[in-house]
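Below is one structure, written out as structure tokens; the observations come after it.
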Amino acid sequence: MPTDTKRVRGPEVSQSPSLFLCRPPVVLPSQGPRADGRQRDQVDVRPVFVRCGLVSQAKGSAYIEAGNTKLMCCVYGPRETERKDETDMKCGRLTTDMRFAPFSCPERGSWIQGSQDKDFSLMLHESLQPAVCLHKYPRSQIEVNVMVLENSGSVLAHAITCASLALADAGIEMYDLVLGCSIRQDGASCVVDPSYMEENYCSSASSENQGGLTVAFLPSLNQISGLQSDGEMTEEILTAGVRTCIEGCYKLYPVIQQALAKAVRKAAPPPSES
């Protein structure tokens, strides 16, 4: 087979030379406004852009963009399940798969699903399953695939929102939409919807109250379907963080409702002239 002599292909594990430059350590300010102008210790989420039905081959799809964080979700099914057991006879099966594109992070990744992708897929499944009426789809499975196009922080929270919107766009019966919000606790300071820099670099020298929290919330039912935390936080800080995440979900709710209503009106047939 002839080779393309006009194109120089780089190795699969190539990285940008800028990653090997000797840069000073990144120090984020612990007080005052954040790097993008948002305020600390307030429910100040990034502006969100949402669209439904962008992938014609999927039963339902959604795209969400929050700052520089960009995700795409596709839903396939319900289709006949591959594995049949007694559980599948009574209710359906929900499968989730979340992956990062190789170009989504500062360091180029691989298409092979890593440990972080598997953990996020499991958290996504645990957050979505309580909201889906699986008993309406016996002997069937519903596949949810999330692709992170650009990682600029709060990926899991926005993946939960995007997957819930794609399920609704696919016409899957649900008890309620699932919205995600995350915070980052850095000592006495708290940031809502943290960016990539805020998630990976701390500005406080003390090791107390350092951690992150992600909440999956059903706004109409006022119930929490999933909660994931890491780091060390006291009970008071954790309780206040959950309340803050719920407020962030309520701020996001009208935007998701508007995007879903717009997709339904676009897909509806035109009124017949009598």
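Take the conditions (1) surrounded by fewer than 20 Cβ atoms within 10 Å (Cβ to Cβ); (2) in contact (Cβ under 8 Å) with a residue 60 or more places away in the chain; (3) under 20 Å from the mean Cα position of the chain (by Cα); S195 misses just one of them, which is (1).
Residues of the range 207-228 that are modelled with pLDDT under 90, polar (S, T, N, Q) and surrounded by fewer than 18 Cβ atoms within 10 Å (Cβ to Cβ): S207, Q210.
On the given criteria, is S61 on the phi < 0 side of the Ramachandran plot, in contact with a helix residue (DSSP H, G or I) (Cβ under 8 Å, 6 or more places away or on another chain), at pLDDT 90 or above and part of a helix (DSSP H, G or I)? In short, no. On the stretch given as the range 54-73, residues that are open to solvent by 20 Å² or more (accessible area, probe 1.4 Å), under 25 Å from G248 (Cα atoms) and of a type outside the set (S, T, N, Q) total 5. For the range 96-114, residues that are open to solvent by 50 Å² or more (accessible area, probe 1.4 Å) and either within 12 Å of the chain's Cα centre (by Cα) or at pLDDT 90 or above (or both) total 1.
Scanning the range 215-261 for residues that are in a helix (DSSP H, G or I), polar (S, T, N, Q) and in contact with a strand residue (DSSP E or B) (Cβ under 7 Å, 6 or more places away or on another chain) yields a single hit, T244.
Within the range 138-197, take every residue that is among the charged types (D, E, K, R) and within 20 Å of C91 (Cα to Cα) and give me the one that is modelled with the lowest pLDDT. Only one residue tops the list, namely R139. Mind listing whichever residues of the range 115-161 are part of a helix (DSSP H, G or I) and open to solvent by 50 Å² or more (accessible area, probe 1.4 Å)? Within the range 115-161, S115, Q116, K118, D119, L122, E126, Q129, P130, H135, K136 meet the criteria.
Considering every residue within the range 262-273, establish whether at least one is assigned to a helix (DSSP H, G or I), at pLDDT 90 or above and either over 21 Å from I64 (Cα atoms) or of a type in the set (G, A, S) (or both). Checked against the condition, which is being assigned to a helix (DSSP H, G or I), at pLDDT 90 or above and either over 21 Å from I64 (Cα atoms) or of a type in the set (G, A, S) (or both), the range 262-273 yields no hits at all.
Listed by first and then second residue, the pairs with beta-carbon distance under 6 Å, at least 6 apart or on different chains, first residue in the range 21-48 and outside any loop (DSSP other than H, G, I, E, B), second open to solvent by 50 Å² or more (accessible area, probe 1.4 Å) and modelled with pLDDT of 65 or more, are V48/V255. Is there a residue in the range 164-186 that is open to solvent by less than 20 Å² (accessible area, probe 1.4 Å), in a strand (DSSP E or B), touching a residue at least 24 places away in the same chain (Cβ under 8 Å) and among the β-branched types (V, I, T)? Yes, because at least one residue in the range 164-186 is open to solvent by less than 20 Å² (accessible area, probe 1.4 Å), in a strand (DSSP E or B), touching a residue at least 24 places away in the same chain (Cβ under 8 Å) and among the β-branched types (V, I, T).
The values are calculated or read from the model by the stated rules, or taken from the named source; none is laboratory data. Everything quoted here is computed from the prediction, not taken from an experiment. Backbone-built Cβ (ideal geometry, glycine too); neighbour counts: all protein chains shown. Please note that ligands, DNA and RNA were not included when accessible areas were found on the heavy atoms of the full protein model with its side chains. Shrake-Rupley method; radii C 1.70, N 1.55, O 1.52, S 1.80 Å.
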